[in-house]
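Only one structure is covered here, and it is reproduced in the block below.
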Amino acid sequence: MPVAFITGVTGQDGSYLSDLLLSKSYEVHGAVRRTSALRRSRIDHLYQDPEIYGKQFFLHYLDLNDPTTLRRILTKIQPDEIYHLAGQSHVGLSFEIPESTCDLTAMGTLRLLEIIRDLKKVPKLFHASSSEVFGKPDRAPQDESTPFRPVTPYGCAKAFATHMVSIYRNAFHMHAGNGIFFNHESPRRGENFVTRKICRAAAEISVGKRTELRMGDLKASRDWGDARDYVRGMWLMLQQDQPDDYVLATGKLHSVEDVVSIAFQTVKLDWREYVRRDERFDRPQEPCNLVGNSSKAQQRLNWQPQSDFHSLISEMTESEINLIKHQPDSSDI
Ligand code: GDR
């Protein structure tokens, strides 16, 4: 049974990755922050299952700024594969809390690399990098050779971490790779990211739970894929003989307004009646033209995005309607 260790296991990607690895008979260990609530979290279905939790799936309390505990856990479980997904992942918030963003995302990754380097059996490492490293790029679409030009503290922290992973791969011959992932969404997306915020609001407005949706820039655009496709890509990256960096993206740009329009269409409402502009959600700087070219992943990993944008946003909106029906007090999840 291969052993995997996941940082950020309670997040959208960590939870789908746990499902995927467990289905492939891995023993999965996840790192959980002391402050994370497990009950009713995205991994609740695994945590509550006595056939899985404590047998094939294990959780460890760990803060990424606590290298001693990290070293102790890794020495004990001796993972074959590490999936490093944890970090402060909200780009807008990184302007408010740049130091802790850099400490977790940039230095947290370096601390992990340092510990891995010293382990007796050096595990393979996947690092979740981000299209935010490209910022305002000089070309579109972006691929693995596009220079990094971050325009946000988050993007800058990810650029540092991404370079460090490449440096450790080359200098210390580690099987370590960066997944330079463009936006990826799902019904398990965090509620303060734009797609989930919109789908949730459309569902709540449709059942009369609220009357309006306040939004930042509707013209902002992104390359949005499906998180379930992207976690499959993470696993594929670590199954290769040679470690490398890969861009995962759909290659298609859509605007925030497109998300709004599809979500409200799904609940049969005209979005113009409910959506209000609110500059509080604007960011001091926005990246532009972030659209990815995933040819390398398609050729070498045989990876293809399988879901399309329209059905993803409809699925997310329908999932919100189900949540409202079945968990009326879901706002505290
Ligand atoms: P992003 O995702 O910053 O691209 O980072 P997010 O969903 O937060 O924003 C996407 C775009 O929507 C605009 N926007 C708003 N965003 C939010 N959150 N709330 C709003 O009200 C709103 N109105 C407009 C944003 O300005 C932006 O242009 C995500 C994260 O998952 C990162 O961790 C990851 O690395 C990148 O994707 C790839």
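The values are calculated or read from the model by the stated rules, or taken from the named source; none is laboratory data. As the structure is a computational prediction, the values presented were derived from the model and not from experiment. Positions of Cβ are backbone-derived with ideal geometry, glycine not excepted, and every protein chain shown enters the neighbour counts. Heavy atoms of the whole protein, side chains included, go into the accessibility calculation; ligands, DNA and RNA do not. Shrake-Rupley method; radii C 1.70, N 1.55, O 1.52, S 1.80 Å.
Ignoring GluC sites (Glu not before Pro) that are buried or in helix or strand per DSSP, and keeping those with at most 14 other beta carbon atoms within 10 Å, what is the longest stretch of the chain between them?
213-333
Enumerate the lysines that Lys268 could reach by cross-link, defined here as Cα to Cα under 28 Å, with residues fewer than 8 away along the same chain left out.
Lys197, Lys209, Lys219, Lys252, Lys325
Under a 1.4 angstrom probe, counting protein chains only, how are Met107, Met237, Met1 ranked by accessible area, largest first?
Met1, Met107, Met237
Please report how far the C-alpha centroid of region 175-200 lies from that of region 274-333, rounded to the nearest whole angstrom.
6
May I ask for the distance between the Cα centers of region 94-167 and region 1-56, given as a whole number of Å?
If you average the Cα positions of each part, the centres end up 24 Å apart.
How much accessible area does Thr211 have with a 1.4 Å probe, in Å² rounded to the nearest 10?
110
Where does the Debye-calculated log10 I(q)/I(0) of region 217-333 sit at q = 0.12, 0.23 Å⁻¹, using only Cα point scatterers of equal weight, no solvent?
Log-scaled intensity ratios, in q order: -0.61, -1.26.
Need the list of aspartates and glutamates near Lys24 for cross-linking: C-alpha distance under 15 angstrom, and skip anything on the same chain fewer than eight residues off.
Output for Lys24: Asp80, Glu81.
Any chance you could give the angle, 0 to 90 degrees and rounded to 10, that helix 256-266 forms with the longest Cα principal axis of the chain?
70
How big is the dipole moment of the chain about its Cα centre under a simple scheme where the beta carbon of each Lys and Arg is +1, that of each Asp and Glu is -1, and everything else is neutral? Debye, nearest 20, please.
Values: 42 positive and 44 negative charges, 94 e Å.
Result for the chain is approximately 460 debye, rounded to the nearest 20.
For the chain, report the accessible area per residue in Å² (1.4 Å probe, heavy atoms, rounded to an integer).
Working: 15000 Å² over 333 residues.
Per-residue accessible area for the chain comes out at 45 Å².
Using each residue's phi in region 299-305, evaluate 6.51 cos²θ - 1.76 cosθ + 1.60 at θ = phi - 60° and report the 3J(HN,Hα) Karplus result to the nearest Hz, with x for Gly and Pro.
Whole-Hz 3J(HN,Hα) from phi for region 299-305: 6, 8, 9, 6, 9, 9, x.
Order the following by accessible area, largest value first: Asp245, Asp223, Asp63. Probe radius 1.4 Å; ligands, DNA and RNA are ignored.
Asp63, Asp245, Asp223
Lys/Arg Cβ at +1, Asp/Glu Cβ at -1, dipole of region 274-327 taken about the Cα centre: which of His326, Tyr274, Leu290 is farthest positive-ward?
Leu290
Quantify, in whole percent, the carbon and sulfur part of the accessible surface of the chain (1.4 Å probe; protein heavy atoms only).
After summing per-atom areas, the C and S share lands at 48 percent.
Enter the accessible area of Lys24 (Å², nearest 10), with the probe set to 1.4 Å and all protein chains included.
It works out to around 80 Å².
For region 28-87, what class follows from the C-alpha gyration tensor (a ≥ b ≥ c being the square roots of its eigenvalues): rounded when a/c is under 1.5, otherwise prolate if a/b is larger than b/c, else oblate?
oblate
Against the empirical 2.2 N^0.38 Å scaling, what ratio does the C-alpha Rg of region 149-215 come to? Before the final figure, lay out each step's value.
Working: Rg = 18.7 Å, N = 67, 2.2 N^0.38 = 10.9 Å.
Compactness ratio reported: 1.72.
Quick one: dipole size for region 38-111, taken about the Cα centre, charges +1 on Lys/Arg Cβ and -1 on Asp/Glu Cβ, in debye to the nearest 20. Walk me through the numbers before you get to the answer.
On the way: 8 positive and 10 negative charges, 48 e Å.
The calculation lands at about 240 debye.
So what's the projected area for the chain, the Cα convex hull averaged over all directions, in nm²?
Values: hull surface 64.7 nm².
Mean projected area for the chain: 16.2 nm², to one decimal.
Dipole magnitude of region 194-269 about its Cα centre, charges +1 at Lys/Arg Cβ and -1 at Asp/Glu Cβ only, in debye to the nearest 20?
Roughly 580 debye for region 194-269.
Which sequence of Cys199, Cys288 reflects their accessible areas, 1.4 Å probe, from the largest down?
The residues order as Cys288, Cys199, largest area first.
Considering just Cα atoms, how many Å³ per residue does the convex hull of region 265-333 enclose? Walk me through the intermediate numbers first.
Numbers: hull volume 13.8 nm³, N = 69.
Cα-based convex hull of region 265-333, divided per residue, equals 201 Å³.
Quick one: plug the Kirkwood hydrodynamic radius of region 32-180 (C-alpha pairs) into Stokes-Einstein at 10 °C, 1.306 mPa s, and report D in µm²/s. Walk me through the intermediate numbers first.
Working: Rh = 16.7 Å.
The diffusion coefficient I find is 95 µm²/s.
Just going by the charge dipole of the chain, with Lys and Arg at +1 and Asp and Glu at -1 on Cβ, which of Ile82, Gln299, Thr211 is farthest out on the positive end?
Value computed over the given set: Ile82.
Restricting the count to DSSP beta bridges whose residues both fall in the chain, what percent are antiparallel, rounded to a multiple of 5?
Taking every DSSP beta bridge with both residues in the chain, the antiparallel ones total about 5 percent.
Taking loop as defined by DSSP and a crowding limit of 14 other beta carbons within 10 Å, which trypsin sites (Lys or Arg not before Pro) in region 215-262 fit?
Lys219
Dipole of the chain (Lys/Arg Cβ +1, Asp/Glu Cβ -1, origin at the Cα centre): which of Gln12, Pro153, Val165 lies farthest to the positive side?
About the Cα centre, the residue reaching furthest to the positive side is Val165.
Direction-averaged shadow area of the convex hull around the Cα atoms of region 43-128, nm²?
The number I arrive at for region 43-128 is 6.5 nm².
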